[in-house]
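Accompanying notes for the structure given below.
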Amino acid sequence: MSLFAYTLVAFILVTAVATVLFRDVLSVIIVFGAYSLGMAILYTFLLAPDVAMTEAAIGAGVTTLLLLLTIARTTRPSTDRLAERIHVPAVVVVGAFVLLLCTAVLPEMYAVGGTETPVWSNPDVTQHYITETYSQTGVENAVTSVLAAYRGFDTFGEAVVVFAAGVSTLLVLKREVFA
């Protein structure tokens, strides 16, 4: 991975920890929005633009907006401390676990765009999707058939999340269109 990727992962980890440690609700919402935006950039770097757009729209956009609207419509409690106290033994245990995972998993990961990845090293699978999707699904576009047929439950789940976010936005704004 490049220096950019390591910097981005460090930014994501820092914002995740800050989200947990801050006590001020507004600070948490802003840092969580930055975390979601960092995740969207990471997904783009990892060549997953569909996931990146969903994360940017739902995570950094709609969720942050809903949380800010909710805090604006409710009373904001004052806090004495800006951050939670750190429980050192828990940090040591979690840090050791993350370090163990990083040393075990990161060396096994393929380079982004590398030709030795399983997708490129097994052209039979790729060729199967290109040639057989129309006969198996009846959809001419291979990408649409993969999203609608082979990944149908996943796509349905994403649609439910987007629908729930839209309904939540309408409810928070008190502009229901149910009648």
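The values are calculated or read from the model by the stated rules, or taken from the named source; none is laboratory data. Just so it is clear, the structure is predicted and the values come from calculations on it, not from any experiment. Cβ: placed from backbone, ideal geometry, glycine included. Neighbour counts: every protein chain shown. Side chains included, ligands, DNA and RNA excluded: accessible areas come from the protein's heavy atoms. Shrake-Rupley method; radii C 1.70, N 1.55, O 1.52, S 1.80 Å.
Annotations for the structure displayed:
- Under 5 Å, built H, 5+ apart or other chain: amide partners of Phe22: Glu84
- Candidates Leu26, Leu101, Leu42, ranked by Gaussian network fluctuation over the chain, Cα under 10 Å, top entry: Leu101
- Working note: Debye formula, equal point scatterers on the alpha-carbon atoms of the chain, no solvent; log10 I(q)/I(0) at q = 0.15 Å⁻¹ is -1.14.
- Inter-label distance, nm, simple model (7 Å from Cα along the C-beta direction), Val167/Ala142: 3.7
- Burial ranking of peptide ranges 28-36, 122-130, 10-18, 146-154 (average Cβ count within 10 Å, highest at the top): 28-36, 10-18, 146-154, 122-130
- Estimated from helical segments only, the mean residue ellipticity of the chain at 222 nm is -21000 deg cm²/dmol, where each DSSP H run of four or more residues counts as -39500 (n - 2.57).
- Using R0 = 35 Å, the C-beta based FRET efficiency linking Tyr134 and Tyr110 works out to 0.70.
- Probing with 1.4 Å while keeping every protein chain in the model, the per residue accessible area of the chain equals 71 Å².
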